[in-house]
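> One structure, pasted below without further comment.
What follows is calculated from the coordinates using simple rules that are stated; it is not laboratory data. Only a predicted model underlies this, so the values are computations on that prediction, with no experimental measurement involved. Every residue, glycine as well, gets a Cβ built from its backbone with ideal geometry; the counts of neighbours run over all protein chains shown.
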Amino acid sequence: MKVGFANTFWDSLKTIGRHNTWWYKTYDFFRRDIWRFIKNVWRFRKPLSNHYWWDHHSMLQFVETSLVHTSDNLEKFGNEVDGPRMKKVMAMRRAIELIRNYNESNYIEMSEKELGEVIHHPWEFEDIEDKPGFCRLVDKDTPEEKEHNRKVYDRSSEIEEQEWDELFKLLKGQDHEEYRKLHDAQSEEELKKDNLWNEWFDGSGIKGWWD
C-alpha cells in the first residue's frame, strides 16, 4: 500500500513554520495580542481593581469573570453537540453562582429562607450601677429567640461548607475510572443501544471547559 501526504499537509507545515518566525510573531503581537490584552483589561477590571496580595476573593473573581465569558460564548458559538455542550455551560454557571455566594457572603440569607429570619431587637443601653459613667447593652433576646438565631447561623455555616465542596467538585470533574468500569460492564449490544457517555457525563471538570 502506498502512503502519501496531501498538499494540505505540507501547507500546514509551512504555516506552522511561518508562525514561528520573528516577523510573524511581531505582526501577530500588534494585530491580535495588544487588542486582546486591552479587551481583557476591561473584562477583568473588577477583579483587577479588587486584587490585594493578602486576600483570596479577587482570585475567585478572576475565575468567575472567566467562566462567565467562556460559558456565554460556549453556549452561543460552541462547536460541540448540544447535549454535552449545554451540560458544560450549566456546570460553569453553577460554579459562577457558588463563587458569587462565597464572595458576597449570601449564606445567612440562604439560611433565613429555610429557617426564618434572624431575630433582631433595637439596641438599648442601661447604666452600670457600680460604674458611674459606663453603660452596657441590654440583652433582650428570649431563650427561644437565641436558640432560633443559633440554628440560623449554624445552618449558614453548613451551607457555606457544602457549597465550597461543591465548587471544587465541579472544577475537578468526574472520575473517568468510574465511566470505564461502567463501560466495561456493558455488552457490545448494550453499548450500541445505550448512550452511556451522555447519561454519565454531568458537564463538570474545568479541564474540559473549552471548545
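> Provide the gained length on full extension for the span N195 to N106, in nm with one decimal, where the gain is 0.36 nm per separating residue minus the Cα-Cα distance.
Computed gain between N195 and N106 is 28.2 nm.
> Compare S58, S187, S156 in a GNM of the chain, Cα atoms joined below 10 Å, and give the one with the largest fluctuation.
Top of the fluctuation ranking is S187.
> Just to be sure I understand the rule: take each whole DSSP H helix in the chain, project its Cα atoms onto its long axis, keep it if the span is 15 Å or more and its mean Kyte-Doolittle hydropathy is at least 0.0. Which ones pass?
Helix filter hits for the chain: none.
> Most mobile of K146, K169, K87 per a Gaussian network model of the chain (Cα springs, under 10 Å)?
Per the Cα network of the chain with a 10 Å cutoff, K146 tops the list.
> Report the FRET efficiency, 1/(1 + (r/R0)^6), for T15 and K181, where r is their Cβ-Cβ distance and R0 is 41 Å, rounded to 0.05.
0.45
> How high is the relative contact order of the chain, in percent, with contacts defined as C-alpha pairs under 8 Å that are six or more residues apart?
Computed value for the chain: 21 percent relative contact order.
> Further question on the same structure: State the extension gain, in nm to one decimal, for the chain segment bounded by W210 and K151, taking 0.36 nm per residue of separation less the distance between their alpha-carbons.
Using 0.36 nm per residue and subtracting the Cα-Cα distance, I get 17.1 nm.
> Continuing with this model, one more query. Round to the nearest 0.05 the FRET efficiency obtained for K113 and N50 when R0 = 30 Å and r is the Cβ-Cβ distance.
With a Förster radius of 30 Å, E is 0.60.
> So if I take the centroid of the Cα atoms in the range 60-79 and the same for the range 130-163, what is the distance between those two points in Å?
Taking the Cα centre of each part, the range 60-79 and the range 130-163 sit 40 Å apart.
> Sticking with this one: Please build a GNM for the chain, connecting alpha carbons under 10 Å apart, and tell me which residue among E144, E126, E163 fluctuates the most.
E126
> Quick one: Karplus J couplings for the range 195-211, per residue in order, coefficients 6.51, -1.76, 1.60, θ = phi - 60°, nearest Hz, x for Gly and Pro?
Karplus values, whole Hz, x for Gly and Pro: 9, 4, 4, 5, 6, 7, 5, 10, x, 7, x, 5, 5, x, 8, 8, 10.
> Quick one: compute the contact order of the range 100-211, relative version, from alpha carbon pairs under 8 angstrom and 6+ residues apart, as a percent.
Taking the mean separation of contacting Cα pairs over the length of the range 100-211, I get 25 percent.
> About its Cα centre, what dipole magnitude does the chain give when the only charges are +1 on Lys and Arg Cβ and -1 on Asp and Glu Cβ, stated in debye to the nearest 20?
Roughly 2340 debye for the chain.
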